Amino acid sequence: MTTSDILRMAIHNLWRTRLRSSLTVLGVVIGIGALISMVAFGSGMEKNVTDAFMESGLFARITVSPLKLDMNRPVESLTDTSGVSVPLDDELLDRIRRIKGVKEAYGEIQQPAKVGLEGKETTLTYTGVDPAMGLKNSSAELIAGTFLTSDSMPQAVINTQLLRRLKIRLDTEDMAKAKEKDTAKVYTYVLPEDLIGDTLWLSTAVFNPMRMMGALMGNRDETPLSERRTPLIITGIRELEPDGPASRFGGDLLIPAGFASTIPSIGFNSITDFLRKGKSSPDKYAVIQVNVAGPEDITPVRAELESMGLNAFALAEQLKEVRRAFLAMKAVLGVVGFIALVVAGLGIINTLLMSILERTREIGIMKAIGGSEGQIKSVFFGEAAVIGLIGALGGIALGWLVTLAAGSFINMKIREMGETPMDLFYFPWWLLLGSIGFAIGLSLLAGLYPASRAARIDPVEALRWG
Amino acid sequence: MSIVLSPSLYPAIASFHPVYLVCGRLLGDDPPENADFCPPIRLSMSFIEIRNLKKIYRKSAVNVSAVNDVSLDIHRGEFVAIVGKSGSGKSTLLNLLGGLDTPTSGIIRVDGTDLAAGGREGRVRHRRHRVGMVFQTFQLITGLTAIENVELALAFGGVNRKDRKRIALALLEQVGLADRADHRPTELSGGEAQRVAIARALANNPDIILADEPTGNLDTQNGEAILALLQRLHVQGRTIIMITHDPDMAAVAQRIIRIQDGRVLDETPSFQNPQV
Ligand SMILES: Nc1ncnc2c1ncn2[C@@H]1O[C@H](COP(=O)(O)OP(=O)(O)O)[C@@H](O)[C@H]1O
Ligand SMILES: [Mg+2]
């Protein structure tokens, strides 16, 4: 008997008991469907994160910050950075630009502040960037206006993330529905073009020695800080993936580095300055952004920067961790699907055992006319394999339909909430091939015991059944 | 020269001189003329050699000796009928000869080869190529058509798909059922079903046909047709061992072996001329 004989016989036998066979196959279909939609969900989530990451250009970026914070060191020595860290200034920037593999490097000033726009307020950390670096270093596209044009002008480039936090929504067609639903008028709706040229207020905290006196005198209402408001003109709005990795980088509010250095403020660096009792900070920049030529340069450049006594952070290296986390997530989801498949496997065992019971006489006949134990085994294995194969194909179809339905339902809700829809599920080729292989493997495993039981049937006993 | 001898003496005679058995009578050196009418058997030492065969079934502390110390010699091309009361052990003996069952003790040799020597695989080969079995209840697979039943036996025998169709059809033609090839067993009469079963038994061209009451479920007319078919297979040179209750059926055989309580009671050559 050839494999094709066995498969034809299997299909024939399964067809004879089609109701039972299809119920058994349905068990496998549901098991495989559950497994692949779960894993497809995990893969989809991972793909969204990694794709956004890849598109953002952040895979080629290293962020350099001044010193490694060592929490075990006493506070006094924490402030003493001399000999521990290299100051983040233009001289260091030049040195970094000369490292092999570095494409470009620029300094960023980061300060915490409060911003006000259209009568609304939020707090953030603004970033002073070199306007000459242009858009290529920003992680998202401009949807309105232009990038910063001058290093010394009070300009600002904001992004959709900042607008979201200010409860300002860009008035687009997609918004119509959300606008209707927003009966409490939580949001303000504006056209992107209308924001260009508007004034954005930046409030920074400054150290006020006069108030310090008052505070020390016991006046509880007095704090040694006061607020300074700086007006900025909005030149552009950037689009940003809602929860993409890019949102954490590049900054929600970009202002020219030259102008930023003139804004009086008290930030983390200044607090360190304060603790140092007047010694001025050697750091000109909060961070230095380094772009390398290619992904393969990340590790050597980062090592070089660290050997210079700097703290270098590369998201690309973090991505490995992210992938590992997603692997764990997919494994957990896979286990749920796997349990469904184990149940399906028990269904296969049950079906085959029942079929053997019914076909005992037939097995006796097969032996009497020259069927070997191996051939009889393969007849039942064939049936198990066909159940597995049809179940896997059906399961893939089911999984695809379920994810399609779930995806469009969730995206419908997302659209209603005024967010951008996304692909929630992803079917990598290994998942499809793997699930087919897995279903057949599982079915054969389930067929193991019934098949060997069929082969061991005593033909003399079996023939008496007729 | 023509003598009548007890079949138990055949091997002894054959061992020192070639002799032919025609219609139960021993003939001289030359093969006889009227071969079509009553096929001659060249007596050999023994084609099927059964020695001290026992099959004991243990049934809740009671031992049933279904076959109890049977020794027999069956010659190549012989037509043997086995008769005996129900429960006397006939079927058990036939199943042992067919390699469907294994003896508790004793030996079966076919053409000089011990059936037990080949183990499980040897028994499969024996069932597949050496013997064809025919049963009282036909034992056709109901889910398959007539031709598919025959083809299955060919498939087990390793015949490729193209040849299978052709051979199966030729076999059905041989039993006169070519026009019923695509019928299911449920759509066939008893006689037709048994003819399909015979066609299937012939699938891998065995030289031994073992028939367990092949006419037991058939009316006289159909029974006679089946018997005629077996006789034709006999003429073709096959060794036939047939269990029967019917004395008229047994009478066509060259030798009748009577079994009682698992033992051979006696053996009598049949003197009636078989009608082919
Ligand atoms: N599997 C078995 N277990 C126990 N006893 C059996 C079994 N098969 C046959 N027997 C017994 O062996 C004896 C011979 O049976 P069988 O060969 O079928 O007789 P026959 O074919 O001559 O009617 C009977 O007494 C029967 O009850
Ligand atoms: Mg019987």
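The values are calculated or read from the model by the stated rules, or taken from the named source; none is laboratory data. Quick caveat, the model's predicted, so the values are computed rather than measured. Please note: Cβ atoms are built from the backbone with ideal geometry, for glycine as well, and neighbour counts cover all protein chains shown. Ligands, DNA and RNA are stripped out before the accessible areas are found, and what is left, the full protein with its side chains, is counted by its heavy atoms. Shrake-Rupley method; radii C 1.70, N 1.55, O 1.52, S 1.80 Å.
Numbers for the structure displayed
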read-out: Exposure of A:Y449 as accessible area (Å², to 10), given a probe of 1.4 Å and all protein chains; value: 110
read-out: Pairs beyond 28 Å (Cα-Cα), from A:K47/A:K179; A:K47/A:K284; A:K367/B:K54; value: A:K47/A:K179; A:K47/A:K284
read-out: Spin-label pair B:I56/A:M417, simplified geometry with 7 Å Cα→Cβ offset, distance in nm; value: 8.1
read-out: Built amide H within the under 5 Å cut-off of B:D212, gap 5+; value: B:V134, B:F135, B:Q136, B:I243
read-out: Under the Karplus curve 6.51 cos²θ - 1.76 cosθ + 1.60, θ = phi - 60°, whole-Hz ³J(HN,Hα) for the stretch B:48-56, x wherever Gly or Pro sits; value: 10, 10, 10, 10, 6, 6, 10, 9, 10
read-out: Per-residue SASA entry for A:W430, accessible area with 1.4 Å probe, Å² rounded to 10; value: 120
read-out: Per-residue average of Cβ from other chains inside 10 Å of B:135-142; value: 4
read-out: Extension gain (nm, one decimal) between A:Y189 and A:R464, 0.36 nm per residue minus Cα-Cα; value: 90.5 nm
read-out: For the stretch B:154-183, residues shielded by at least 10 square angstrom of accessible area compared with the chain on its own, probe 1.4 Å; value: B:A155, B:F156, B:R161, B:R164
read-out: Within 10 Å of each Cβ in B:86-97, the average number of Cβ atoms from other chains; value: 1
read-out: Interface area, A with B, accessible, probe 1.4 Å, both sides summed, Å² nearest 100; value: 2100
read-out: At least 30 Å² accessible surface lost relative to isolated chain, residues of the stretch A:5-38 (1.4 Å probe); value: A:D5, A:R8, A:H12, A:R16
read-out: Fully extended contour minus Cα-Cα distance, from A:T125 to A:A293, at 0.36 nm per residue; value: 57.7 nm
read-out: Solvent-accessible heavy-atom area per residue, rounded to whole Å², over the stretch B:185-276 at 1.4 Å; value: 40
read-out: Accessible area, probe 1.4 Å, largest first, for residues A:F381, A:F259; value: A:F381, A:F259
read-out: Solvent-accessible area, 1.4 Å probe, carbon plus sulfur percent, for the stretch A:308-423; value: 74
